[in-house]
1. Give me the extension gain from residue 261 to residue 113: residue separation times 0.36 nm, minus the current Cα-Cα distance, reported in nm with one decimal.
2. Using only Cα atoms, what Kirkwood radius does region 81-221 have, in angstroms?
3. Given H placed on each backbone N at 1.01 Å, which residues far from residue 122 in sequence or on other chains put an amide H within less than 5 Å of it?
4. How far apart, in nanometres, would the label points at residue 205 and residue 93 be if each is projected 7 angstrom from Cα along the Cα-to-Cβ direction?
5. If packing is taken as the average number of other Cβ atoms within 10 Å across a peptide's residues, how do 51-59, 182-190 rank, most packed first?
6. What does the charge add up to near residue 269, with Lys and Arg as +1, Asp and Glu as -1, over the other residues with Cβ less than 15 Å from its Cβ?
7. Toward the positive end of the charge dipole of region 149-259, about the Cα centre and with charges on Cβ (Lys, Arg +1; Asp, Glu -1), which of 207, 158, 246 goes farthest?
8. How high is the FRET efficiency between residue 253 and residue 186 when r is their beta carbon distance and R₀ equals 22 Å, given to the nearest 0.05?
Amino acid sequence: MTVLFGTSIPVGQANAAVVGPGSAAGPGVAPAGAPGVARTPAAAATQRPSEGSVHSWDLSTGVDGPGTRFVTFLAGCPLTCLYCHNPDTLRMRNGRRTSADDVIAEARKYTRFISAAGGGATVSGGEPLLQPVFAGELLHRMKNDLGLHTALDTSGFLGARATDALLRDVDLVLLDIKSWDRETYRRVTGRPLEPTLDFARRLADLGTEVHLRFVLVPGLTDARENVEGVAAFAAGLGNVSRVDILPFHKLGESKWEALGMPFTLHDTPSPTVEQVAAAKDVFAARGLTAV
């Protein structure tokens with residue numbers, strides 16, 4: 001990922017630039033019933049402006065969807081992936097309570113540039129569907145208020161929490177399928193695979209475009225039958241327009257150490273160019289565009 005405007009901006013630092021005069025509901029938060037509040041799905045459900053735990057936001061070009069994008073990283077994730085490069089987003093308490101108004105105000109600064117660059121907005125994490133109401137509010141307002149292409153970056157494990165209304169505001173889902181072998185998937189994530197597959201099938205039924213992502217980890221997910229299993233499933237869905245083969249790396253290891261968490265893949269090498277090419281060939285043989 002190439003960050004265009006520096007590193008991810010912690011919410012606490014950015015809020016000072018976007019929070020306006022206080023109201024009865026708090027600084028920068030519109031009171032319930034204010035113009036525009038009740039028309040969004042989240043506000044209709046809660047009758048108040050939506051808030052959530054946000055780790056940071058970023059303006060980037062890379063693996064967060066097509067073009068230059070405003071990416072909101074929500075805090076909290078139910079998975080414990082062995083190679084997670086953002087372990088500091090695993091707990092909701094690691095984020096800052098933030099209103100959707102604040103996030104939208106920050107994204108609005110860049111909408112003209114983002115649109116010219118053919119980009120959009122991505123709600124990522126952590127796992128955004130751990131906070132489905134807040135994630136839905138952001139997606140709805142990014143799409144309808146700011147006119148941006150929207151993407152949801154998810155493991156799919158909590159896909160059942162995504163309402164049809166939320167998914168109507170999603171132009172693209174960035175979906176991780178971390179392994180086809182069930183035992184390996186549970187070893188990698190600490191969770192079962194089936195909820196992700198169920199969500200993938202639901203997206204196919206809805207006709208939602210999907211970019212599938214598969215992390216290639218030597219000695220863990222790179223067995224040919226494992227790669228072929230993911231490829232066969234993806235090809236059968238009919239809505240996967242792209243597959244990203246992501247080579248395992250250890251760039252997040254220092255974060256694990258800083259958090260006092262053991263990084264068990266310390267001795268695992270990154271895949272070779274030849275190993276990555278072989279994985280891409282497996283997907284390409286199924287008629288999929290693999291990059």
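1. 49.4 nm
2. Result for region 81-221 stands at 16.1 Å.
3. Correct list: 70, 71, 72, 151.
4. Calculated label separation equals 3.8 nm.
5. Details: 51-59: 23.9, 182-190: 15.9.
Ranking, from highest mean packing down: 51-59, 182-190.
6. Details: positive: 250; negative: 222, 253, 267, 274.
Net local charge, residue 269 excluded: -3.
7. Farthest along the dipole direction, towards plus: 158.
8. 0.50
The values are calculated or read from the model by the stated rules, or taken from the named source; none is laboratory data. For clarity, every value in this text was computed on a predicted model and none was experimentally measured. Using ideal geometry, Cβ is built from the backbone for each residue, glycine included, and neighbour counts are taken over all protein chains shown. Accessible surface is based on the protein model in full, side chains and every heavy atom, while ligands, DNA and RNA are left aside. Shrake-Rupley method; radii C 1.70, N 1.55, O 1.52, S 1.80 Å.
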